[in-house]
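Each remark here refers to the structure printed beneath this line.
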């Protein structure tokens with residue numbers, strides 16, 4: 001079998017495994033069972049997965065579960081015990097231990113004192129020093145991506161598909177940057193109908209064969225807020241950017257999409273060290 005045909009087979013298997021992981025995060029995920037879904041022996045499958053995704057299956061499962069847990073802590077009133085069960089941990093003790101090892105504090109304390117709380121007082125002194133807003137003029141950019149419908153917290157599934165597809169087709173380039181485009185306001189549109197795209201830059205060099213689609217970002221002036229911390233915290237930053245910074249700046253929003261550019265990779269950086277630039281288009 002030719003090399004490109006072999007990778008086409010792996011691509012389909014990667015998608016099946018990624019979909020299964022995202023759909024069963026609240027269940028026990030046996031790594032050998034995932035190998036069965038991929039129709040490969042565990043010995044070979046774990047190596048193929050790591051070669052394509054840049055992390056082990058176990059690391060992916062842990063990262064996605066903690067991502068969901070932080071989203072629940074920040075965005076819901078579920079008890080910590082319920083979140084532990086929903087996230088697939090066998091008991092509260094193991095969940096608390098793993099959560100603290102990554103975020104530096106137990107989940108209950110994170111809910112009260114996590115990085116999202118910096119936005120709770122819109123006029124708090126020192127915020128501008130911690131999260132300065134700059135203005136930047138950017139050139140138009142061509143992207144390639146994968147569409148996502150549903151909770152914005154679930155867009156990681158589209159990024160997994162995008163990354164796996166690019167790697168399996170040998171299209172990934174080191175100069176590509178990850179970009180998220182979010183078309184709807186979560187406070188106005190039902191969660192299951194929210195539309196978004198998980199993208200990378202340098203899309204003009206990539207054939208947009210299914211599941212890939214082409215997207216375009218307009219050039220011009222943008223306000224840029226750099227957020228540090230878990231992605232689940234960022235809705236507070238959006239509220240502050242629109243509700244406090246924008247009216248105080250005297251600027252007006254331009255009628256084109258805003259987007260997020262991910263400065264580092266959640267596979268390499270701890271959740272508390274994730275850097276995201278939020279781009280708000282200005283007239």
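Rule-based calculations on the coordinates, nothing more; no lab input. Quick caveat: nothing in here was measured; it's all calculated off a predicted structure. Here Cβ is always computed from backbone atoms with ideal geometry, including for glycine, and neighbour counts include all displayed protein chains.
General remarks:
- Take every pair of alpha-carbon atoms less than 8 Å apart whose residues are at least six positions apart; their mean separation over the length of the chain yields a relative contact order of 20 percent.
- Length-normalised contact order for region 172-277 - Cα pairs under 8 Å, 6+ apart - percent: 35
- Among 217, 92, sorting on how many other beta-carbon atoms sit within 10 Å of each Cβ, with the fewest leading, yields 92, 217.
- Neighbour-count ranking [beta-carbon atoms within 10 angstrom, fewest first] of 236, 193: 193, 236
- Two-site label geometry, residue 244 and residue 195: point separation in nm, points 7 Å out along Cα→Cβ: 3.2
- Sorted by Cβ neighbour density within 10 Å, fewest at the top, the residues 56, 137, 201: 137, 56, 201
- Cα gyration tensor, region 119-259 - rounded (a/c under 1.5), prolate or oblate: prolate
- Between residue 256 and residue 174, the FRET efficiency estimated from the beta carbon spacing at R0 = 30 angstrom works out to 0.60.
- Computed label-point distance, nm, for sites residue 58 and residue 37 using a 7 Å Cα→Cβ extension: 1.9
- Mean Cβ count within 10 Å, highest first, over the residues of peptides 203-209, 49-55, 184-190: 49-55, 203-209, 184-190
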